[in-house]
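A short worksheet on the structure shown next.
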Amino acid sequence: MSDIGEQRAFLAEAVPEVKVAVAHGQMAAHELEDIMTAFYDGQYDVLLSTSIVESGLDIPTANTLIVHRADMFGLAQLYQLRGRVGRSKARAYALFTVPAEKVLTPQAERRLKVLQSLDTLGAGFQLASHDLDIRGAGNLLGEEQSGHIKEVGYELYQQMLEEAVSALKAGGEAPEEGRWSPQITIGTAVMIPEAYVADLQLRLGLYRRLADLQAQRDIEAFAAELIDRFGPLPEEVQHLLEIVAIKALCVKANVEKVDVGPKGAVISFRDNVFVNPAGLLRWITGEGSLAKVRPDQKVVVIRDWEDTAKRMKGTAALMILLARLAEDGEKKAA
């Protein structure tokens, strides 16, 4: 809206023979309606408008759309704008412009590439999935959550869920009742990026293999294989492998959830049960003011973990300690 006057002046200078109509949301309703009707009737050659035309505009004779500063729009907006042309049998064109000297962000480049690839009928849901994967979805799938969606991305999680449902409908085995997955929240990206492994099916297979890894030597062997096949590990993949190792320790210690932040961690045990409560209390007592048990049976550990590396290393050390305490308890019980 701020530069619509400049664009009109540019058109008047560059193509003075073209009749230009201007439309934006600050116009009175009757004035806007008159302009749109006149454009529909062919009284104007060009409609210079803000994004208010992104939906509800059906002009079959409009065959060319130019979006100024396309890098400023979201994927869904660009998709809607592109749909304003090509609404008849005549071939249509949608041109997206960006400043020549501006370097696009990775997100902007990805939005434009996705939009270019979606040229089939009924691609709206696929676009929504890509948009959700690029932008994130607030608290539902954001940093405050944990589990599969956060770790693998929405598009891949959606396919994993679809395959699991299809397998169950086909008579496949349901997940084992005793099998469970701890939730680890550390506040960092843990995934295999598309830029590292481009093929979706291959990424899905790698996630499946990761889910079955328990021993540290197997995780290290998996990391070596990734390096050999795809190159040095990105930070997200390094974090993912560390989380897998931490989850294996959590299972041994019966830790159901770990919430980690700059000031320490909150540990929740599955069914509020720890096999060696006496050993756990001795350790907590030895920590003094740096550890305590809350009334809801969760263990709070106070630490200075301002950066991600400290959180990862510190969480792993805590889980190693708890796993050893649990192993000692099992030996005594036997």
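The values are calculated or read from the model by the stated rules, or taken from the named source; none is laboratory data. No experiment lies behind these values; they were computed from the predicted model shown. Methodologically, a virtual Cβ is constructed for each residue, glycine included, from the backbone with ideal geometry; neighbour enumeration extends over all protein chains shown. Protein only, heavy atoms only, side chains kept; ligands, DNA and RNA dropped before computing areas. Shrake-Rupley method; radii C 1.70, N 1.55, O 1.52, S 1.80 Å.
Going through the range 287-301 one residue at a time, which ones are open to solvent by less than 70 Å² (accessible area, probe 1.4 Å) and either more than 26 Å from E235 (Cβ to Cβ) or at pLDDT 95 or above (or both)?
E287, G288, A291, V293, D296, K298, V299, V300, listed by residue number.
State all residues of the range 310-326 that are farther than 11 Å from L249 by Cα and open to solvent by 70 Å² or more (accessible area, probe 1.4 Å); if no residue qualifies, say none.
K310, K313
Which one of these is of a type outside the set (D, E) and over 27 Å from K310 (Cα atoms): A278, A195?
Result: A278 is the single residue among A278, A195 that is of a type outside the set (D, E) and over 27 Å from K310 (Cα atoms).
So L325 clears everything in (1) under 35 Å from the mean Cα position of the chain (by Cα); (2) more than 23 Å from T188 (Cα to Cα) except one condition, right? Which one?
(1)
Go through the range 53-70 and give me each residue that's among the hydrophobic types (A, V, I, L, M, F, W, C), modelled with pLDDT of 80 or more and outside any strand (DSSP E or B).
Once the filter is applied, which keeps residues that are among the hydrophobic types (A, V, I, L, M, F, W, C), modelled with pLDDT of 80 or more and outside any strand (DSSP E or B), the range 53-70 yields V53, I59, A62, A70.
Of the residues that sit in the range 252-281 and are surrounded by fewer than 18 Cβ atoms within 10 Å (Cβ to Cβ) and hydrophobic (A, V, I, L, M, F, W, C), which one is nearest to K298 (Cα to Cα)?
V266
Assuming F230 fulfils every condition listed in (1) of a type outside the set (V, I, T); (2) over 20 Å from the mean Cα position of the chain (by Cα); (3) open to solvent by less than 20 Å² (accessible area, probe 1.4 Å) apart from one, which condition is it?
For F230, the exception is condition (3).
Are there any strands (runs of 3 or more DSSP E) wholly within the range 255-318 with 1 or more residues that are free of Cβ contacts under 8 Å to residues at least 60 places away in the same chain and farther than 18 Å from V244 by Cα, and if so which?
The strands (runs of 3 or more DSSP E) meeting that bar are 264-269, 291-293, 299-302.
State the number of residues belonging to the range 24-61 that are surrounded by 14 or more Cβ atoms within 10 Å (Cβ to Cβ), among the small types (G, A, S) and within 36 Å of the chain's Cα centre (by Cα).
2
Output the residues belonging to the range 178-207 that are within 28 Å of V260 (Cα to Cα), open to solvent by 70 Å² or more (accessible area, probe 1.4 Å) and at pLDDT below 85.
R179
For D71, only one of the following conditions fails: (1) open to solvent by less than 50 Å² (accessible area, probe 1.4 Å); (2) out of contact with any Pro (no Cβ under 9 Å at 6 or more places or on another chain); (3) over 17 Å from A21 (Cβ atoms); (4) touching a residue at least 24 places away in the same chain (Cβ under 8 Å). What is its number?
(2)
May I ask you to verify whether L104 is in a loop (DSSP other than H, G, I, E, B) and farther than 17 Å from Q7 by Cβ?
yes
Please determine whether any residue of the range 91-100 is touching a helix residue (DSSP H, G or I) at 6+ places or on another chain (Cβ under 9 Å) and either assigned to a helix (DSSP H, G or I) or of a type in the set (S, T, Y) (or both).
Yes: the range 91-100 contains one or more residues that are touching a helix residue (DSSP H, G or I) at 6+ places or on another chain (Cβ under 9 Å) and either assigned to a helix (DSSP H, G or I) or of a type in the set (S, T, Y) (or both).
Part of a loop (DSSP other than H, G, I, E, B) and crowded, with 18+ Cβ neighbours inside 10 Å, is that true of R84?
When the stated conditions are applied, R84 passes them.
Checking V244 against (1) free of Cβ contacts under 8 Å to residues at least 40 places away in the same chain; (2) over 20 Å from I267 (Cα atoms); (3) buried (at least 19 other Cβ atoms within 10 Å of the Cβ): exactly one of these is not met. Which one?
Tallying (1) free of Cβ contacts under 8 Å to residues at least 40 places away in the same chain; (2) over 20 Å from I267 (Cα atoms); (3) buried (at least 19 other Cβ atoms within 10 Å of the Cβ), V244 fails exactly one: (2).
Suppose we keep only residues that are in contact (Cβ under 8 Å) with a residue 24 or more places away in the chain and assigned to a helix (DSSP H, G or I) within the range 212-240. Which one would you say is farthest from R324 (Cα to Cα)?
F230
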